[in-house]
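So the structure is just underneath, and the comments pick up after that.
The values are calculated or read from the model by the stated rules, or taken from the named source; none is laboratory data. This is a predicted model, so every value here is computed, not measured. Quick reminder, even Gly has a Cβ in these numbers, built from the backbone with ideal geometry, and neighbours come from all protein chains shown.
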Amino acid sequence: MTASPALNPAITDWNGPDGLPRFEAVNDGDFAPAFDAALAEHEAEIDTIADNPEAPAFENTIVALEIAGDRLSRVSSLFWNRAGAHTNDTIQALERDIAPKMSRHYSKIGMNAALFARIDALWEGRDKLGLDLEATRVLERHWKSFVKSGAKLPKAEQERLAAINEKLASLGAKFGQNVLADEKSWVLVLDNEAGLAGLPQFLRDSMAAAASDRGEQGTYAVTLSRSIIEPFLTFSEKRDLREQAFKAWVARGENGGGTDNRDIIRETLALRAEKATLLGYENYAALKLDNTMAKTPEAVNGLLTQVWEKAVVRAREEEADLAKLIAAEGRNHPVMPWDWRHYAEKLRAQKFNFSESELKPYLQLEKIIDACFDVAQRLFGITATEKKGVRGYHPDARVFDIRDADGKLVALFLGDYFARASKRSGAWMSSFQSQHRLPLKNGAVGELPIIYNVCNFAKPADGKPALLSLDDARTLFHEFGHALHGMLSDVTYPSVSGTSVSRDFVELPSQLYEHWLTVPAILKKYAVHEATGEPMPQELLDKVLAARTFNSGFTTVEFTSSALVDMAFHTQGTVADPMAVQAEVLEKIGMPASIVMRHATPHFQHVFSGDGYSAGYYSYMWSEVLDADAFAAFEETGDAFDRETAKKLKDNIYSVGGAIDPEDAYKAFRGKLPSPEAMLRKKGLAIMEELSGSDA
């Protein structure tokens, strides 16, 4: 592939090892001209397809669309990786420019009448095309995408829809940047032993490293990175400092001034409601759920409400236990949100005779990475080998070869594990390129998946191992489950590759993979002490496994309240005061004052920093119903690595992407669709009846 002499060829011509981009050769200033050129080229390709004088055919229309825009995909993947994982003022300014520009570009394509006429003709005559199941799914995706882009609307309404989409893109970019700005700007520096009371050594080391990164030598920094703030809230004996840190954490996006997100939320919800109306839907949730397993807001709220009723009862019981601990210490305050983690940790130590600080030395990042790879080898026959000396997109990003049982290279994987000020919070999986088998214009046939995971674990001091909490370790397994979904993909067409599935199915491979972290054979092998190398004692292992459902009321209330607020926003239409709606929902469901939403609205990036999980945050729980039932398939064999079950899992879930309907994919693996019972057993909540009128 060649590029204009005025452009940096490294941004589109990926000639690093095994086709990896040469990240070090791409500068921030290269992106703007590269986007301009790639957008123009893609537009020309679209015009060629739309204006083709030949009769519409699957090859000259749908396949042509599938391979169009290759340069744009490459520029975009490099840019959005940098915007999320290693941003700066230059990239953020360009992000604010590029987001609406990309929206305009795709709106224009979606409203290209000549192009839609070709796709519509193919869709109407699909029964005579002789397409296989995957090709039929690809055709359906393109047709539905154009319809949802306004292809059937009158011209004036098309223009309004395009304007809405462009504005939403701008608002989403600004929302995420505001949250990152609030996270970067707040720090609590501790410089004496009194302020460190209760903090274990691993956390002190992480806080010292965070302080050093900010130029504060010899001190300790509490930051709003989850890998520091959560253990600080867990272990700090200083209630006033816990309260100060907690309030800063939950106030992200709601601090007034230029980073306040409340007006952005109000405008976003109004535009989404208008968009749904233009496209003929009752509300935005109905629009978003149209092509999911859940299908309707009623089905979603049915699951969430029933789980809420079980979870809040358990949370009230947990709160009463914590209140007893507080009273036993001679204190007379109620359980507040900045108290919960602290006293829950004390209660766990009391109930199960172990604490997070006792467990953490056995959860070394390097060993848990090895465990992730080992599970993949046992289940799917693939091996991972680090490519030492090969540059990733940041010095912390490591590159791995992924090979099948025959030694064939099937994917490249990058792992970027440590928190930094230039990285947005959370953890995610994405790709630089997705697997497919189509011939490209550059002469290549198909592409190797290049997948990456981003996490935000606390970076250790020099010479010390990075130690994880059990939740951190689950996050690592979760994101690698997503990565496997991309790396094991085996489809023909890029639009159905890997994680290109419905939102409430995409979390199944990731949440399912978490189960193998606590398989005893894995913990025994990889949970070894960072100082002695001794494996976790059987007694401690037994306690860890016994405590798996501890505090489940709290965690389920945190999540479910967020999902219910998300659904309320997107079923109500225009919302005059989003914070009032949040308060009304929480009051109606009986939210305990001792717990807050896992993601309060002003920093709910899943829902407002882009469109990914809007009216879709529920999908983690929907997929949890599936993943609990799926792991039960292995438990029923008596072998967590049963070969026959693993093969069915790979063939029907991890490798098929969106090439078949998710319900059909799950039934091909399991033979049936699940009820929520296995999920509730996993959480330690009461068994409940199957959802009536729902498939999950």
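Of all the criteria given as (1) surrounded by fewer than 17 Cβ atoms within 10 Å (Cβ to Cβ); (2) farther than 24 Å from Val410 by Cα, the one not satisfied by Pro9 is (1). Applying the condition of being crowded, with 16+ Cβ neighbours inside 10 Å and among the charged types (D, E, K, R) to the stretch 638-654 and asking which residue is farthest from Leu517 (Cα to Cα) yields Lys648.
Annotation note: of Ser212, Ser170, Ser206, the sole residue that is in contact with a helix residue (DSSP H, G or I) (Cβ under 9 Å, 6 or more places away or on another chain), modelled with pLDDT under 95 and part of a helix (DSSP H, G or I) is Ser206.
Within the stretch 404-421, being surrounded by 16 or more Cβ atoms within 10 Å (Cβ to Cβ) and either free of Cβ contacts under 8 Å to residues at least 60 places away in the same chain or among the hydroxyl-bearing types (Ser, Thr, Tyr) (or both) holds for Leu414, Gly415, Tyr417, Phe418.
For every residue, the table says whether it meets (1) modelled with pLDDT of 95 or more; (2) on the phi < 0 side of the Ramachandran plot; (3) more than 23 Å from the chain's Cα centre (by Cα).
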{"site": "Asp642", "(1), (2), (3)": "yes, yes, yes"}
{"site": "Thr645", "(1), (2), (3)": "yes, yes, yes"}
{"site": "Leu649", "(1), (2), (3)": "yes, yes, no"}
{"site": "Tyr654", "(1), (2), (3)": "yes, yes, no"}
{"site": "Pro674", "(1), (2), (3)": "no, yes, yes"}
{"site": "Leu680", "(1), (2), (3)": "no, yes, no"}
{"site": "Gly684", "(1), (2), (3)": "no, no, yes"}
{"site": "Ser694", "(1), (2), (3)": "no, yes, yes"}
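Among the candidates Arg104, Arg96, the residue that is of a type in the set (D, E, K, R), under 30 Å from Ala156 (Cβ atoms) and over 23 Å from the mean Cα position of the chain (by Cα) is uniquely Arg104. Filtering the stretch 565-612 to residues that are acidic (Asp, Glu) and either surrounded by fewer than 21 Cβ atoms within 10 Å (Cβ to Cβ) or in contact with a Gly (Cβ under 7 Å, 6 or more places away or on another chain) (or both) leaves Asp577, Glu584, Glu587, Asp611. All conditions but one from (1) free of Cβ contacts under 8 Å to residues at least 24 places away in the same chain; (2) outside the structural domain of Glu43 (by TED's automatic domain parsing) apply to Ala83; the one that does not is (2).
For the stretch 535-554, filtering for residues that are acidic (Asp, Glu) and assigned to a strand (DSSP E or B) leaves 0. Within the stretch 470-498, the residues that satisfy the criterion of being buried (at least 22 other Cβ atoms within 10 Å of the Cβ) and part of a loop (DSSP other than H, G, I, E, B) are Leu488, Ser489, Val491, Tyr493, Ser497, Gly498.
Table: residues versus (1) touching a residue at least 24 places away in the same chain (Cβ under 8 Å); (2) farther than 21 Å from Ser495 by Cα.
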position	(1), (2)
Ala6	yes, yes
Ala10	no, yes
Asp18	yes, yes
Phe23	yes, yes
Asp28	yes, yes
Pro33	yes, yes
Asp36	no, yes
Leu39	yes, no
Ala68	yes, no
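The residues on offer are Thr292, Thr277, and the sole one that is among the β-branched types (Val, Ile, Thr) and more than 19 Å from Arg503 (Cα to Cα) is Thr277.
Those residues that are under 33 Å from the mean Cα position of the chain (by Cα) and free of Cβ contacts under 8 Å to residues at least 60 places away in the same chain, I need them from the stretch 186-195; list them, please. Selection gives Val187, Val189, Leu190. The condition (being of a type in the set (A, V, I, L, M, F, W, C) and not assigned by TED's automatic domain parsing to the domain that holds Asn60) is satisfied by just one residue among Val147, Val222: Val222.
Yes or no: Ser431 in a loop (DSSP other than H, G, I, E, B), at pLDDT 95 or above, crowded, with 19+ Cβ neighbours inside 10 Å and under 14 Å from the mean Cα position of the chain (by Cα)? Here the answer is no, as Ser431 does not meet what is asked. Among the residues in the stretch 399-418, are any of a type in the set (Ser, Thr, Tyr), over 17 Å from Tyr493 (Cα atoms) and under 17 Å from the mean Cα position of the chain (by Cα)? Checking the stretch 399-418: at least one residue is of a type in the set (Ser, Thr, Tyr), over 17 Å from Tyr493 (Cα atoms) and under 17 Å from the mean Cα position of the chain (by Cα).
Filtered by the rule that a residue be touching an Asp or Glu at 6+ places or on another chain (Cβ under 7 Å), among the β-branched types (Val, Ile, Thr) and closer than 30 Å to Ser206 by Cβ, the stretch 437-495 gives a lone residue, Val454. Only one of the numbered conditions (1) of a type outside the set (S, T, N, Q); (2) surrounded by fewer than 20 Cβ atoms within 10 Å (Cβ to Cβ); (3) modelled with pLDDT under 95; (4) on the phi < 0 side of the Ramachandran plot is violated by Ala286, and that is (3).
Figure legend. Inter-residue proximity from the stretch 150-162: first residues over 19 Å from Ala117 (Cβ atoms), second residues among the acidic types (Asp, Glu), beta-carbon distance below 9 Å, spacing 6+ or different chains. Indicated pairs: Arg160/Glu274. Between Gly443, Gly392, the distinction of being assigned to a loop (DSSP other than H, G, I, E, B), among the small types (Gly, Ala, Ser) and in contact with a Phe, Trp or Tyr (Cβ under 9 Å, 6 or more places away or on another chain) belongs to Gly392 only. Among the residues of the stretch 548-564, those identified as crowded, with 20+ Cβ neighbours inside 10 Å and of a type in the set (Gly, Ala, Ser) are Gly553, Ser561, Ser562, Ala563. Note on the stretch 50-110: enclosed helices (runs of 4 or more DSSP H) holding 1 or more residues that are within 26 Å of Leu414 (Cα to Cα) and touching a Gly at 6+ places or on another chain (Cβ under 8 Å) are 89-110.
Checking each residue in the stretch 605-634 for being without any contact (Cβ under 8 Å) to a residue 60 or more places away in the chain and not in a helix (DSSP H, G or I) picks out only Tyr617. Remark: pairs (first residue in the stretch 663-684, touching a residue at least 60 places away in the same chain (Cβ under 8 Å) and surrounded by 19 or more Cβ atoms within 10 Å (Cβ to Cβ); second residue outside any helix (DSSP H, G or I) and small (Gly, Ala, Ser); Cβ separation under 8 Å; 6+ apart in sequence or on different chains) = Pro676/Ala696; Leu680/Ala686. A single member of Leu304, Leu271 is over 28 Å from Thr555 (Cα atoms), in contact (Cβ under 8 Å) with a residue 24 or more places away in the chain and of a type in the set (A, V, I, L, M, F, W, C), and it is Leu271.
Summed over the stretch 353-373, the residues that are part of a helix (DSSP H, G or I), at pLDDT below 95 and surrounded by fewer than 16 Cβ atoms within 10 Å (Cβ to Cβ) give a count of 1.
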